[in-house]
Number of protein chains: 2
Amino acid sequence: MRCSIITIGTELLIGQVIDTNSAYLGKVLNSLGVQVASRFTIDDNREDILSALKRSLEDSDIVVTTGGLGPTKDDITKNVLAEFLEVSQYFDENQYELIQKFFTKLGRTTTEAHKNQCFFPEGTEFIENKMGTAQGMLMRHKGKRIISMPGVPYEMKYIMEHGVLPMLAKEQEYYIHHRTIRTAGVGETHIAEKIAEIENSLTNGFSLAYLPSLGSVRIRVSAKSKDRINLDSSLDRIQNDITDILGDMVYGYADDVLEIVIGKMLLERGLRLGLAESCTGGKIASKVVSISGSSEYFEGGLVVYSNELKNQLLGVKSETLAEFGAVSEEVVKEMVSGTIERLNVDIALAVSGIAGPGGGTIDKPVGTIWICVGSKNRQSTYKLQLLKDRKKNIEYTSLFALNFLRLFLLREE
Amino acid sequence: MRCSIITIGTELLIGQVIDTNSAYLGKVLNSLGVQVASRFTIDDNREDILSALKRSLEDSDIVVTTGGLGPTKDDITKNVLAEFLEVSQYFDENQYELIQKFFTKLGRTTTEAHKNQCFFPEGTEFIENKMGTAQGMLMRHKGKRIISMPGVPYEMKYIMEHGVLPMLAKEQEYYIHHRTIRTAGVGETHIAEKIAEIENSLTNGFSLAYLPSLGSVRIRVSAKSKDRINLDSSLDRIQNDITDILGDMVYGYADDVLEIVIGKMLLERGLRLGLAESCTGGKIASKVVSISGSSEYFEGGLVVYSNELKNQLLGVKSETLAEFGAVSEEVVKEMVSGTIERLNVDIALAVSGIAGPGGGTIDKPVGTIWICVGSKNRQSTYKLQLLKDRKKNIEYTSLFALNFLRLFLLREE
């Protein structure tokens, strides 16, 4: 079963509103085993809706539309649907009663515009919407189906979850499942080479994709089958095989992020973390704190932006700052020792660098970043050389530093 | 000039990644006066890409695609483009050199896959991408143009802003210009009521939209005209009229963010800022530091997550913590005094609260947040009562606190 999604609305097209409806629809339809063939976003005008319906029905069994079902002037989806299906519209007394009841409940009265909302293309089957006044609509056309829903996300979701998905689930022959393996610190190409053998040995119905983002590559393995149990066990096996090969490049699965993984590691070992940030300016701390329950293992952090604070709050020696500069291996090492001592923590992470675009020198160009992680007994340092974009440098450094901390913890008994 | 957008990638189609690229593309193309005709999201497979290209070129002068230009197996956009254009592919030595240089700079080496990345359809014109290895590509086809870019958002944006948009801007007949007025601390309805008269008096070709986001409402005034100079002066006048009515609710224009505005105020007055964050965990500091040159006015910050650190690093009295609790007006006031003293700054901002979802009590439910801003002579406090979502609470509090600091600075001589 192939499905196309059409989202209707100028606000989507010109990027005033980000189209989360299509992402939701793609996700729920896909996990039901419905193949999402394409997604269309169009203006709410007659020609574009007609053309999108025509095109979508060419290669899909089901077309799902959202938007343009409200009571105002620019809501024309129903008229265009009737034109497309070559049927007339009728006034639905039942729907009008439902709307009147809905408004009475809210202590409001209906207007003429709501009456206009009760004209429907002949042959419309309704899919209940308890969240608003525009019902979901199902129309049949040459053995295919068009499902039309309002664009308000929680109304659309109600109709999907209570009407459309249960209906489609009954008809499904295939399941499509995924596994996502999350890696950090290595590029897409490098990973692809390492797991080439697995990728090449995937049988029919299985596929593999790389989703790179700043500092991280997710590997997604997908499979389609009638046999749900076999599907899951095969995917689990592939996930394990990939993890075996990639080893500690893999930091997690599904929705894991580095700060969650690190939080679990610290909690399990009963270690408390402290941070000393210069160029990342609190970004690493804010990631750690974004996880609920982080107070169990996070003591706090210092954003020591000036040299004075590095010296005064962390005890970084003035001579070290003078001799090697704030962005140096020596300084991040003293920042770690200072954090462990002054914040009384087990593990400390320190970062000092030139995020840019200003502040670079010939010896230390913009993008030079020193990172140190350490415990009382051991320290580990790393020098990053990044490019010129300040925000990217700060974000990348934060992710890299968290991964560096993860690798340190892996090696810490 | 009509344009269609095609975003390529299974991850978009199945909703694993929300398609922010098309929203961005819609926005920037629209503001240039290019009519965005439709948006397509498709799987990275040959048939779907071919069909989307064909359909999009039917009713558009320009087709913009993102995705599928990377070095791995699932990146097939270029092959399909060559097939669609009925041209062969050639190995581009220059591009290969560029990639090698790019990797050398990062201290890494290229692989065979990167070599494969250097095959291009004959006739490709390149649009520079300084953020990654996949260049933007421009191909001409029967008087129309196809622009193909990588799907990584910051790479795509670089290519648009430095190559595509300047090129298209030169060709525009109509100008569509916008002014964005940024407000904080008041709701959309309230603002709409205040400026209703201005909105009602807008003449043909002018329009006004409200774009609410967490803690902020942007007012966008748009106008379309062939007369560029008149357009700009009219828009400036409307912007001034709105600012006059809204007063200090307005914190900036266009791309201003609170941290930029505050940075300028501090710099002008020669004041240095220090931060003391508990529940926001470095989020405010990271916003301040995200602005280049912030070292001129930002001394540093403390993420005092534990009570011990509040006492030890900031001198918040143990008795105050015991009597009023960490989330109290008394504690944030002492945090401000402590920050001014220990960090030797002129202005300090302190936040302590319960971000949730855990940690709430009957007296202090989740979402209770105390904020204090102060100088040596004056302190100002505020209590927020938010809801249960941790990430939203942290983000909203950070924005609110920065706006609170802005209002404090406005009143500081």
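The values are calculated or read from the model by the stated rules, or taken from the named source; none is laboratory data. These figures come from a predicted structure and were not determined experimentally. Here Cβ is always computed from backbone atoms with ideal geometry, including for glycine, and neighbour counts include all displayed protein chains. Side chains are part of the model used for accessible areas, which takes the heavy atoms of the whole protein and leaves out ligands, DNA and RNA. Shrake-Rupley method; radii C 1.70, N 1.55, O 1.52, S 1.80 Å.
Okay, here's what the table says:
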read-out: Set A:170, A:157: member being basic (Lys, Arg) and in contact (Cβ under 8 Å) with a residue 24 or more places away in the chain; value: A:157
read-out: Qualifying residue in the range A:107-114 (condition: buried (at least 21 other Cβ atoms within 10 Å of the Cβ) and in the same structural domain as residue A:23 (by TED's automatic domain parsing)); value: no
read-out: Flag if residue A:22 is crowded, with 20+ Cβ neighbours inside 10 Å and either touching a Lys or Arg at 6+ places or on another chain (Cβ under 8 Å) or among the β-branched types (Val, Ile, Thr) (or both); value: yes
read-out: Residue check, residue A:236 modelled with pLDDT of 95 or more, charged (D, E, K, R) and out of contact with any helix residue (DSSP H, G or I) (no Cβ under 8 Å at 6 or more places or on another chain); value: yes
read-out: Which listed residue, of B:155, B:161, B:125, B:171, is surrounded by 15 or more Cβ atoms within 10 Å (Cβ to Cβ) and of a type in the set (Asp, Glu); value: B:155
read-out: Filtered residues of the range B:260-286 (kept if touching a residue at least 60 places away in the same chain (Cβ under 8 Å) and of a type in the set (Val, Ile, Thr)); value: B:261, B:262, B:280, B:284
read-out: Per-region count, the range A:26-36, residues at pLDDT 90 or above and at the interface with chain B (Cβ under 7 Å from one of its Cβ atoms); value: 2
read-out: Pairs, first over 19 Å from residue B:189 (Cβ atoms) in the range B:206-228, second modelled with pLDDT under 85 and among the polar types (S, T, N, Q), C-beta under 9 Å, six or more apart; value: B:222/B:31
read-out: Strands (runs of 3 or more DSSP E) within the range B:24-137 that include 1 or more residues at negative phi and free of Cβ contacts under 8 Å to residues at least 60 places away in the same chain; value: B:35-42, B:89-91, B:119-121, B:125-127
read-out: Count of the range A:130-163 residues which are touching a Phe, Trp or Tyr at 6+ places or on another chain (Cβ under 6 Å) and closer than 22 Å to residue A:53 by Cβ; value: 1
read-out: Single match in B:46, B:39, B:55 (criterion: modelled with pLDDT of 90 or more, under 15 Å from residue A:41 (Cα atoms) and either outside the structural domain of residue B:152 (by TED's automatic domain parsing) or among the charged types (D, E, K, R) (or both)); value: B:39
read-out: Some residue of the range A:254-270 being among the small types (Gly, Ala, Ser), part of a helix (DSSP H, G or I) and modelled with pLDDT of 95 or more; value: yes
read-out: Test: residue in the range A:287-297 that is open to solvent by 40 Å² or more (accessible area, probe 1.4 Å), farther than 14 Å from residue B:303 by Cβ and without any contact (Cβ under 8 Å) to a residue 24 or more places away in the chain; value: yes
read-out: Filtered residue count, the range A:37-63, keeping only those that are within 11 Å of chain B (Cβ to nearest Cβ) and not charged (D, E, K, R); value: 10
read-out: Checklist (1) within 33 Å of the chain's Cα centre (by Cα); (2) among the small types (Gly, Ala, Ser); (3) crowded, with 16+ Cβ neighbours inside 10 Å applied to residue B:82, failing item; value: (1)
read-out: Residue list for the range B:226-242, restricted to those being out of contact with any Ser or Thr (no Cβ under 6 Å at 6 or more places or on another chain) and open to solvent by less than 30 Å² (accessible area, probe 1.4 Å); value: B:234, B:235, B:238, B:239, B:242
read-out: Single match in B:7, B:77, B:66, B:20 (criterion: within 28 Å of residue A:34 (Cβ to Cβ), hydroxyl-bearing (Ser, Thr, Tyr) and facing chain A (nearest Cβ under 7 Å)); value: B:20
read-out: Selected residue [at pLDDT 90 or above, among the small types (Gly, Ala, Ser) and either open to solvent by 40 Å² or more (accessible area, probe 1.4 Å) or not assigned by TED's automatic domain parsing to the domain that holds residue B:245 (or both)] from B:207, B:201; value: B:201
read-out: Any hit, the range B:160-175, residues being within 14 Å of chain A (Cβ to nearest Cβ), within 19 Å of the chain's Cα centre (by Cα) and within 19 Å of residue B:8 (Cβ to Cβ); value: yes
read-out: Of the criteria (1) at positive phi; (2) more than 7 Å from chain A (Cβ to nearest Cβ), which one residue B:15 fails; value: (2)
